[in-house]
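For reference, the structure discussed in these notes is given below.
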Amino acid sequence: MKIFAIVLASIGLVLMLVFALFPAFNDWSFLVNPERASQYGSLMSGIAGPLLTLATFLILYSTLTAQHKSIEDQRRVNADTEKASLKDRFESRFFQLLSFHRDNVRQMRLKIPNSLSVVEGRQVFVEMRRELREIIETVQKVNEQNAKLLAKDQIAEIAYLIFFFGLQPQDKETLILNLKHYEDDIKFSPVVSSILHSVSISRTSQKYRNNYGHQSELGHYYRHLYQLVNFVHNCTFLTENEKYDFVKTVRAQLSTYQLVIFYFNTFTRFANPWIENNLVMTYKLIKNIPPGFCLGYDPRVQFPMVYEWQEAANTSA
């Protein structure tokens, strides 16, 4: 557009020069003739004037357009720079939280029943799964003795709450409060009382840390894990695919045993934030659980997704 304006201006100037040389307007006396000057001016205002005016407008429009484009380009550069800065700060915070999570797991310690051995780190979850399995088996036996009043998910919830809080006197009150919806039901109350009694006897005989639960370890563990995943989930400048990739990095830190304990946690109200925000399904947090590893439970019932073992089966088929 600017070139076109220059061409128009050039044409206008050439016309002015050409007509200035015509004898009708120039007698070459080099004296100003008012009449001829007036005629020349009238002619130029009708011929060259519009061309020069249009050229001026086009040049001005082109200049303003270029300035606007320059401003927009600068804004984009500033936005990209700001986004890059935000992402740098996000990644720094993300890996800091991830480091906290690893440290949290690394510092976990658990005494093995009937043994002087102590396990640490990820191995703690191996023992936790074994302990949870034994509690579930005890709850199932009591339930069978009471006409199977409890549904499968209720068995999982009660067993996990016992596993989490333990049966020490100072913790039992909290456990009872969390089982209140069963205790207040005349149908379930005797069953729950029988379950607590049977589990207490079983755990005492096996010297399970004197009936202590795991809320001190797992409460801290779940708070850190939720903070980490929710931090990614609430990030406004990441795409959904980018969020998934970051949480996938978190998921890669979780052993199969950690995922099983996490899965049983979802049977309780403790997992409400995870469920309400759809974090388990959105980021496929438990997709790495192999089949038959959840103590008789199938995570596909609560969380229908394509699991890793299914992907492997489809690939090999």
Residue-ordered couplings for the range 151-158, obtained by feeding phi - 60° into the Karplus form 6.51 cos²θ - 1.76 cosθ + 1.60 and rounding to whole Hz (Gly and Pro as x), are 6, 4, 5, 5, 4, 4, 5, 5
Applied in sequence order to the range 296-305, the curve 6.51 cos²θ - 1.76 cosθ + 1.60 (Karplus, θ = phi - 60°) yields integer Hz couplings, x standing for Gly and Pro, of x, 10, 10, x, 5, 5, 7, 10, x, 8
Footprinting proxy, SER193, SER115: sorted fewest to most Cβ within 10 Å, the residues are SER115, SER193
In whole Hz, the Karplus estimates of ³J(HN,Hα) for the range 162-174 (6.51, -1.76, 1.60; θ = phi - 60°; x where Gly or Pro) are 5, 4, 6, 8, x, 10, 5, x, 6, 9, 5, 4, 5
Using alpha carbon centers only, the range 108-169 is separated from the range 250-317 by a whole-angstrom value of 19
Filtering chymotrypsin sites (Phe, Trp or Tyr not before Pro) in the range 275-317 by DSSP loop and by at most 16 other Cβ atoms within 10 Å leaves PHE293
Its Cα gyration tensor gives the range 177-317 an equivalent ellipsoid whose semi-axes in whole Å, largest first, are 32, 19, 16
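Rule-based calculations on the coordinates, nothing more; no lab input. Since this is a predicted model, take the numbers as computed values, not measurements. Reconstructed Cβ throughout: ideal geometry from the backbone, glycine too, with neighbour counts over all protein chains shown.
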